[in-house]
Amino acid sequence: MAFSLTVNGNRHTVDVDSDTPLLWVIRDELGLKGTKFGCGAGLCGACTVHVNGQPARSCSTAIELVDGAEITTIEGLAEGGNLHPLQQAWISEGVPQCGYCQSGQIMTAAHLLANNPSPSRDDIVAAMTGNLCRCGTYTRIVAAVESVAGGVGHYQPGQEGA
Amino acid sequence: MTMNRRDFMKVSTGASGSLVLALSLPGCASVQTGFEPETGEWTPDVWLELNKQDEITFTLARVEMGQGTYTGLTTLIAEELDVDPARIQVKFAPVAPEYRNPFIGLQLTGGSTSVASSWQPLREAGASARLMLVMAAARVWGVDADNCRTDNGRVLHPNGVDSLRYGQLVELADKEVIRGDVPLKPRSEWKYIGKQAGKLDARAKATGTAVYGIDVELPGMVYAVMTRSPRYGGRAQSFNRDEILAMAGVQAAFITERGVAVVAGSYWKARKAQQAVRVEWDFSEALDTTVDEVFEGYRKAASEDPGEQERSEGDVDEAISKAGRVVEAEYEQPYLAHAPMEPMNATAWYHDSRMEIWAPTQAPDLGRIAACRNSDLSPDDVTVHTTFLGGGFGRRLTQDYIEEAAAVAYELKVPVKLIWSREEDMRHGFWRPAMLHRMTASLDGSDLTGWDHQIVGPQVLDWYVRNAAPAQYPWAPKFLYNTLGKVGLMVEGLATPKDVSAIEGSIGYPYQVPNVSVRHTHTDPGVPITWWRSVGYSHNGFAVETFMDELAHEAGQDPLEFRRKLLAKEPRHARVLERAADLAQWGTPLPEGRARGIALFQSFGTYVAQVVEAGIENGEIRVYKVTASVDCGQVVNPRIVEDQISGGILFGLTAALFGEITFNKGEVQQSNFHDYRLLQMHQVPEVVVDIVDSDEAPTGVGEPGVPPVIPALGNALFALTGKRQRRLPLTV
C-alpha cells in the first residue's frame, strides 16, 4: 500500500505493508540509518523520532498510523547546516560511548527542551528514563541537556527539519 | 599476577623503535608500505598513511564498541607523530597478521588490552614516521635533524622562520633510513596524552552518521531472519517450506546448520513470514537443563571433586582444623546476558568465489573462520569489513551471527543482511556462566589465618576454542578445524597458557593471609557461555569481597580496617582503598536508612576500590552514590577512563540488581528488556571516579569498574539490614 509522509521536511511516498513499523520505512525505504533498532517493542527508545512534534517509538508505530504525518529524525535536527544545540552539547560533553542509543536519547531530549526550555534535573530524568543506555552514559546525558537548557527556546516541534 | 589465557602469545615489543616493528611479525605481506607515486600516498608502516594533501589516516586494529579505542589509540600515534588527533582520519583495520592483538595472538578486541598492548608499538610507529619526516626536511634545508622541531603536522626549521608541511615531505621521507632507536617523548612534553578529553567519534554518533553493522547497505541486498532451536543444540529437520515460500515477499526459505532461514526483500516481510514458520526439531542433542539443576550439579561436583589446586600457600586444612573459629559461605551467581543495544547482525555477500562480510565484530579473524565453516571456502577467501559496534561486552567475540549470514549468502549469491530480533538476542546468546563459590576461612581472634576458595563451574575457553584455534592457524586445512579445537584444549597449560577464565581474580587474592588455597572444580552443564565484561573477575569479585566483608564482621572489625591491615605488602591496592574510603567519608554518619559498603578488586592490571552508599526505598534497593578510586597507570584520555569506570559501575549494578538468565528444560525464559532489565536513568546513583596519578605503564579500564560494585552494594545492604545475601541478583 502507498503511504505518504514528510520526513525532515521532504515529502515521500512509500509502498509497504500497512503494518510495517515506521522504523523500517525510515531506515530501509528512505535510507536514514541514524534511527536505530534496539528492541522492537518500545522498551528501549533507540528508535525515537518525532511524529508531528511528539516523540514516538518508531519500532512500534505502524506506518498506517502515521500516514501524512510530519516526521523528524536525528538527521533532521540540524538547522541550515548548524547542529542542534543538543548535538553540539553531546559532542562537547563527550556523551557517546558505543553511541547506538544516542540518536534516540537526543530526540527525546530535543522534545523535552522544545516544551520545557528550562527543565529541572527531575524533569530531565523523568523525560529521559525510558531511553536505555547499556554503556551507562546517563550522567553525561543529564549534563549535556542541562548545558543547553534554557538556550533552545527557538526550537519548535514539528518545524525543526523544515 | 598469573598470566591470563588472553595474554597468551604475548610478544615483547621492547623499545626498539624500529620502523618495521609490525612487519617483523611472521607472515606479513598483506600491508604494502612505502611511497606510491600515483596517489602521492606514503605508508610508512601498517598503521599510518600520509599523503601530499596533508591527509593522515590511521588504521585502527582494536574495534570501537564504546570503550574508546577510536580516540585513545589515535591519540597515542598522534602524540608521537606530533599531529592534533582531530586531524587524523580513522579507518577500521582489515584482517591481517599485523593487526593481531599482541597480548592474545588473535585479531581480537577484549580483555581490556587495547591501550596496554598498543601503548608502545603505536607511539613507536608515530615517532618513527615523525623522525623520517624530520630527517627529510633537514636534508632539504641542509641542517642537522636534531635541531629541527615539529608542530602539528609541520617540521620547523632551526631558524625559527621556515617550515615544511608533512605532506610536502612524504615522498622524501620514504627514502630516509632510521639507524638506532627512536626516542619517545618524555611525559613532560605530551600535548595530547593525558590531556585529550574529547572523543573523536562523538560528532558522528551525535548526528546519526556513524555506521554500525546494522546500517550497512549494499545494492540488491535482501534481508534474512533465522529461526533457531528454542533449546541450544537442537537441529532443524523439516519445516513448512511450501507455505512460507508462498507468503508475500518471501524470496527463499531453507534449513541451515543454525536453523531455518527466511529471506525477503525487506526486514519486516522476512520477520512477518517467520511468524508462520513451523519447524520439526531434532532435540536429541539439545540442552535440557533447568537452572536449578545447574546449581544442584555444581553442589554435587563441589562435594565430590575438591578441584584442581590453583594456588596453595601454607596449610589451609591445618589452619582450619586448629582455628578458634571457622566461617563458611556459599555464593551463587546466575547466567547473564550481554544485551548490547545493537542486536546481533551481519551482512554477507558471496561473489567472485569470495565471501565479503560486514559486521560489528570484536574478532574479525574469528569471523573469517565462522564465515567459511559451512561452505567449501577457506579463511583466505573471506574479507571482513568491521563497522562501529553498538556495544560488545564480550558478546561479539563469538561469531555465530556471522556464520549465519555467510551461510545464507553462500546459498543466495546476493548481498544478505541478517538481523536478530531483541528476543532472539536474549534467548540465543552465549552467557556469562553461572558459578558457585564455596568459601571457608579460619579466624584466630580477629586475625584471618586461613582462606579456602573453591570455584565451581565451566571455563569459557572450552566453548571459544572452536573458532579461536583455527583463527590462530588460518593456513591449516579446514578438515583440521575440529582437531585444532580439540588439540587447543588438550595442550592447554602446556603449549598454551592455562584458561583462567573461571579463577581470575581469585588466584590473585591480595590479602596477606598465611594459609591460602584456591581450587577450581571444573564442571560444565552444557549451557553455551562466553566472555562477559570482566569475565571471571565478575563472579570472583562478588565471592571474594563479600566473604571478606563477612569475615570482618565475624572478627568484629570495620570492613575497611580489616582489609587495610592485610595489605601492607600491596601498596597499590592499599592506596586505592584509602582514597575511595576517604572520598566517600567512610565511617561518618549517614542519613537514616542508608549504609555504606566497600570492596576492592584488581582486574586486568587495574586496581579499583569502591564505596557504595545504598538504602531501600518503596520496597526497592536504591543506590545513592558510588565512589571509585582507580589506579590504571598512565592515562591516555581522562574522560574516557572516567566513562569506562562509571559505565562499568552501572553495568555491574545492572547485574547486581536485575541480571539473571534462567532456563526451563533448555529454554531461556527471558525475552526483552521488560524481563531482562537494564538500569535506567532514574536509578542511576551519583558516581565519583578518582584516578590515581601514576607513571606506571597503562592497564585496562573497560572492565575493571564492574567487579567491585557488586560486592560493595551487597555489603552496604548487609550494613543496612543485617541480612547477608549470597545469591545474585540482590533482593530486598
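Since every read-out is calculated from the coordinates, none of them should be taken as a lab result. All values derive from a computational prediction rather than experimental measurement. FYI the Cβ positions are ideal-geometry reconstructions off the backbone, even for glycines, and counts take in every protein chain you see.
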Any GluC sites (Glu not before Pro) in the range B:30-78 that lie in a DSSP loop and have at most 11 other Cβ atoms within 10 Å would be B:38
extent check for the range A:2-76: Cα max minus min per principal axis, descending, whole Å, gives 28, 25, 21
For the range B:379-414 the GluC sites (Glu not before Pro) that pass both the DSSP coil test and the at-most-10 other-Cβ-within-10 Å test are none
Scattering profile of chain B from the Debye formula, Cα beads only, expressed as log10 I(q)/I(0) at q = 0.05, 0.09 Å⁻¹, is -0.27, -0.85
Cβ density ranking, 10 Å radius, fewest first, applied to B:721, B:256, A:48 yields B:721, B:256, A:48
Dividing the surface of the Cα convex hull of the range B:115-167 by four yields a projected area in nm² of 3.9 nm²
Mean per-residue count of partner chain Cβ within 10 Å for B:259-269 equals 3
Relative to the compact-globule estimate 2.2 N^0.38 Å (N residues), the Cα gyration radius of the protein assembly as shown stands at a ratio of 0.95
Expected sort for B:242, B:425, B:162 with the fewest Cβ neighbours (10 Å cutoff) up front is B:242, B:162, B:425
Counting only DSSP loop positions in the range B:598-667, the GluC sites (Glu not before Pro) whose Cβ has at most 10 other Cβ atoms within 10 Å are none
Checked against a 22 Å limit on the C-alpha separation, the offending pairs among A:36/B:269; A:36/B:625; A:36/B:413; B:269/B:413 are A:36/B:625; A:36/B:413
Expressed as a whole-number percentage, the relative contact order of the range B:331-489 with C-alpha contacts under 8 angstrom and at least six residues apart is 27 percent
If one compares the long axis through the Cα atoms of helix A:138-148 with the longest principal axis of the Cα atoms of chain A, the angle in degrees, nearest 10, works out at 80 degrees
Ranked on Cβ counts within 10 Å of their own Cβ, fewest leading, B:569, B:199, B:185, A:36 go B:569, B:185, B:199, A:36
Per the helix-only model, chain B has a calculated mean residue ellipticity at 222 nm (DSSP H runs of ≥4, -39500 (n - 2.57) each, divided over all residues, rounded to the nearest 500) of -9000 deg cm²/dmol
Relative contact order in percent for chain A (Cα pairs under 8 Å, 6+ apart) equals 26 percent
Taking r as the C-beta separation of residue B:165 and residue B:190 and R0 as 22 Å, the FRET efficiency to the nearest 0.05 is 0.45
Looking only at lysines whose Cα falls under 16 Å of residue B:486's and that sit 8 or more positions away or on another chain, we get B:478, B:498
Dimensionless Rg/Rh of chain A, both radii on Cα and Rh by Kirkwood, sits at 0.96
Computed for the range A:14-155: size of charge dipole around the Cα centre, +1 on C-beta of each Lys and Arg, -1 on C-beta of each Asp and Glu, debye to nearest 20, value 620 debye
Here D for the range B:268-405, in µm²/s, from Stokes-Einstein with a Kirkwood Rh over Cα pairs at 10 °C and 1.306 mPa s, works out to 79 µm²/s
